[in-house]
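The values are calculated or read from the model by the stated rules, or taken from the named source; none is laboratory data. Quick caveat, the model's predicted, so the values are computed rather than measured. FYI the Cβ positions are ideal-geometry reconstructions off the backbone, even for glycines, and counts take in every protein chain you see.
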Amino acid sequence: MIQIDMSASTRESFGKGAMRRLRTAGNTPAVLYGNAKEVTPLQLETAPFLKSLFHISRKNAVVNLSINDADTRHVVVKEVQTDPVTDSLVHADFHEIDLQKASNFIVPLDFTGKAKGEEFGGEVVVHNAAITLEGLPLSIPDVVSVDISDLGVGDSIVASDISLPSDINMASSETELCIEVISATAAAAAAAAAAAAVDAAEKSDAEEVTEVETSAAEGEAGAEATESE
């Protein structure tokens, strides 16, 4: 797992107005919790923080968070809130972890090679593009490579088939289906079933809209009748 350094300072301002002024001044409010310690309000300079977030995007990362240029805590970014309109940073949550304690992390799978079943009309279907691993934070890999070259039509790979380093345990269910190669007939049937499900959902939505519109129209008619009386 990658490590990255960040800097923060303790925050003494609270409330919506104070948070708005903080963001206007180029800072992002945050909180740090976990490791059986009290919640610590923080603030980070938005520009370097945003740059760091881009660097670790979609990756597990241990953040060496320096607070007030003195106390360094090992944390993970738990949540980042953004403005739905401007996409600007609103708030961040950090969770402190113990580097000497095993924890669970979701790790992406990198499927490599071309399944031999594709040469016979098979279609590769990915069911899970990530698995959950347990281990010391710095021992968790950034990604797990899975070679699918030997998969024929009807073959699949479940979590228990994936090779892992000796110091890492599989936390996902061993029977969790990750990828399989299905026949052209099965692929066509799956596509038809998916299309039927979409049509059914759209029909249901349309019926609900009609019911709402009818109910509203009846309500308006009733109101008009009452007024005329």
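Within the stretch 8-26, residues that are among the polar types (S, T, N, Q) sit with their Cβ atoms under 8 Å from residues that are part of a loop (DSSP other than H, G, I, E, B), at 6+ positions apart or across chains, in these pairs: S9/N68; T10/N68.
If I filter the stretch 88-97 for residues that are surrounded by 12 or more Cβ atoms within 10 Å (Cβ to Cβ) and without any contact (Cβ under 8 Å) to a residue 40 or more places away in the chain, do I get at least one hit? Looking through the stretch 88-97, none of the residues is surrounded by 12 or more Cβ atoms within 10 Å (Cβ to Cβ) and without any contact (Cβ under 8 Å) to a residue 40 or more places away in the chain. Scanning the stretch 66-94 for residues that are among the polar types (S, T, N, Q), outside any loop (DSSP other than H, G, I, E, B) and over 23 Å from N35 (Cα atoms) yields a single hit, T82.
Scan the stretch 95-117 for residues that are of a type in the set (S, T, N, Q) and not in a loop (DSSP other than H, G, I, E, B) and jot them down.
Once the filter is applied, which keeps residues that are of a type in the set (S, T, N, Q) and not in a loop (DSSP other than H, G, I, E, B), the stretch 95-117 yields S103, N104, T112.
Based on what the data block shows, is P84 modelled with pLDDT of 90 or more and not assigned by TED's automatic domain parsing to the domain that holds D150? Talk me through it step by step, then tell me what you get.
Values: modelled with pLDDT of 90 or more: no; not assigned by TED's automatic domain parsing to the domain that holds D150: yes.
So P84 fails the test.
When you go through K114, K59 one by one, which is the residue that is surrounded by fewer than 16 Cβ atoms within 10 Å (Cβ to Cβ) and under 15 Å from the mean Cα position of the chain (by Cα)? Lay out the reasoning, then the answer.
Details: K114 fails: under 15 Å from the mean Cα position of the chain (by Cα).
Testing whether each residue is surrounded by fewer than 16 Cβ atoms within 10 Å (Cβ to Cβ) and under 15 Å from the mean Cα position of the chain (by Cα) leaves just K59.
Within the stretch 144-161, the residues that satisfy the criterion of being surrounded by fewer than 18 Cβ atoms within 10 Å (Cβ to Cβ) and over 22 Å from the mean Cα position of the chain (by Cα) are D147, S149, D150, G152, G154, D155, S156, S160, D161. Give the residues of the stretch 141-196 that are under 23 Å from G122 (Cβ atoms), among the small types (G, A, S) and outside any helix (DSSP H, G or I), sorted by residue number. Listed by number, the residues that qualify are S145, S149, G152, G154, S156, S183. Only one entry in A8, A25, A30, A36 is over 30 Å from D110 (Cβ atoms), modelled with pLDDT of 85 or more and exposed (fewer than 14 other Cβ atoms within 10 Å of the Cβ), namely A25. Examine the stretch 118-133 for a residue that is part of a strand (DSSP E or B), modelled with pLDDT of 95 or more, over 30 Å from A187 (Cα atoms) and outside the structural domain of S57 (by TED's automatic domain parsing), and state whether such a residue exists. Yes: one or more hits.
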